[in-house]
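S.K.: Just dropping this structure here.
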Amino acid sequence: MDTSRLTSDRYNDYSSTEVSPSEENSPGTIGNNVSRPRQYERLGEDSSTTWYQTLIHLLKGNIGTGLLSLPLAVKNAGIVLGPLSLVFMGIIAVHCMDLLVKCAHHLCQREQRPFVDYGDALMYGMQGCPSQWLQRNSVWGRWIVGFFLILTQLGFCCVYFVFLADNIKQVVEAANGTTNDCSANETVVLVESMDSRLYILSFLPFLILLVFITNLRYLSIFSLLANLSMLGSVIMIYQYIGRDIPDPTHLSYVSSWRSFALFFGTAIFAFEGIGVVLPLENKMKIPHQFPVVLYVGMGIVTILYISMGTLGFLRFGSSIQASITLNLPNCWFYQSVKLLYSFGIFITFALQFYVAAEIIVPTVTLHVHDRWVRCMDLTVRAALVCLTCVLAILIPHLGLVISLVGSVSSSALALIIPPLLEILTYYTEGLSRWVIAKDIFISLVGFLGFVLGTYVALWELIVPEVSPALNETALFVVQ
């Protein structure tokens, strides 16, 4: 990797696909007088967003497949411990987002910069700390953030592959028995179709063509339709799980540590929206309103997560699957929920992929002749999609993929790095021992979840236990 390129600040941290970067070059220069393309800057009223628009973007950046997997997460934690843990993790996640924004503001003033992204913030924080070793290796801060950002976004793409395969497979296999009556209790025999891995593979050419669209503006209308379809699907899911809840006394209150490790990975996967905060705050028309938007928006997200996780587990109990859509009745009304949400995830794949591509593609094409830049661009994009497809085929279990991605990458970006960044940023200016203890505690929680969650998810993949959640079934019960 070209060190001079990273040091010159030409690295783009597009931490949220829901916030499209500006297509125009920044007017200023930074680092060693190299222009930074497509940097987030306040360019006037036309590019600024109101508090309402920022709130919508914040909600969109935090709601995806993770929401649908939270009922299984609550099952892995217990009906009592699960919701309480979601509250605890929500508070910590929002606090870490707030820490990142405050540190970024402080570093902007100290470095005389109009804006710093996540990678910049960690790099400049390391440059200003007392340790000479950290100062000399400060560029590693940007590399670390970039690495985990790529890992997270490509992990999301793997999850999308498996999500699409599982939901479309169920719709196809139940098509012959699908009815218009959603109230009847009956057992439908699924018509066995091809393996889920073949479904994953069948999406590959379509997703490759989708990521060849390099300008997100061409996807704007599809993105709007995807958001509306996902919103409608979530509303239909709530109206189903909110009624006819069975007796919950037979549900486990607290789970084992192994199951709770899987809960951690799934929950932090859902809460991993920290990358969105700096671009959103920077594009606000009135930036000092952002803390209110952050707390209100993440409060709504946390309530949504807790209610979906709790109600979903209460409604389906131990039979809950990796995505709550897979538990919905076998009638066309609820089959449409799977199709609508799958359409939304299909379009969102390109948006999530854009983040990783904007980091990897410029690095690969840096030394390529201008004649071959476009060809290399498309080749790298196709290769990355193939890579995520292969990983999805190797790990075709949605619940474990989500937990593994959350434990490995999301915990670092959302919990481990922000508290350490606060210590690096403010240590020379005086931090109380309680603040340092608090930051170390949060980072240790994230690190412990990272180690245990990764270990348990990998163990389950290597030595899977016989459980309905991980095995295919030929029966689907309409409730």
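Each reported figure results from applying straightforward, stated rules to the coordinates on display, with no laboratory input. For clarity, every value in this text was computed on a predicted model and none was experimentally measured. All Cβ positions, glycine included, derive from the backbone under ideal geometry; neighbour counts span all protein chains shown.
S.K.: Quick one: which residues, 5+ away or cross-chain, put their amide H under 5 Å from the amide H of Thr49? H built at 1.01 Å from N.
M.R.: Amide H neighbours of Thr49: Met284, Lys285.
S.K.: Ranked highest first by the average count of other Cβ atoms within 10 Å around their residues, in what order do 310-317, 354-361, 384-391, 200-207 fall?
M.R.: Listed from highest to lowest mean packing, they are 310-317, 354-361, 384-391, 200-207.
S.K.: Continuing with the same structure: Using mean Cβ contacts within 10 Å as the protection proxy, how do 419-431, 340-352, 120-132 order, highest first?
M.R.: Result, highest mean Cβ count within 10 Å first: 340-352, 120-132, 419-431.
S.K.: What ranking do His105, His367, His57 get, fewest neighbouring Cβ atoms within 10 angstrom at the top?
M.R.: The order, fewest Cβ neighbours first, is His367, His105, His57.
S.K.: Roughly what % of Cα-Cα distances in the stretch 202-278 sit above 20 Å, to the whole percent?
M.R.: The proportion of pairs with Cα distances above 20 Å equals 68 percent.
S.K.: Among the listed pairs Lys75/Lys102; Lys60/Lys285; Lys60/Lys438; Lys102/Lys285; Lys60/Lys102; Lys75/Lys283, which are separated by more than 28 Å between their Cα atoms?
M.R.: Lys75/Lys102; Lys60/Lys438; Lys75/Lys283
S.K.: While we're here: Between Arg374 and Leu394, what is 0.36 nm times their sequence separation minus the Cα-Cα distance? Round to one decimal in nm.
M.R.: Full-extension gain reported as 4.2 nm.
S.K.: So, one more: Among the trypsin sites (Lys or Arg not before Pro) in the stretch 41-135, which ones are in a DSSP loop with at most 16 other Cβ atoms within 10 Å of the Cβ? Mind listing them?
M.R.: Loop-located and lightly packed - Arg42.
S.K.: What share of all Cα pairs of the stretch 270-406, in percent, falls into each consecutive 5 Å distance bin?
M.R.: It works out to 2, 7, 10, 14, 16, 15, 14, 11, 7, 3, 1, 0, in whole percents.
S.K.: Also: Over all directions, the average projected area of the alpha-carbon convex hull for the stretch 248-314 comes to how many nm²?
M.R.: That works out to 5.7 nm², a quarter of the Cα hull's surface.
S.K.: Highest first, please rank the peptides 82-88, 165-171 by the mean number of other Cβ atoms sitting within 10 Å of their residues.
M.R.: 165-171, 82-88
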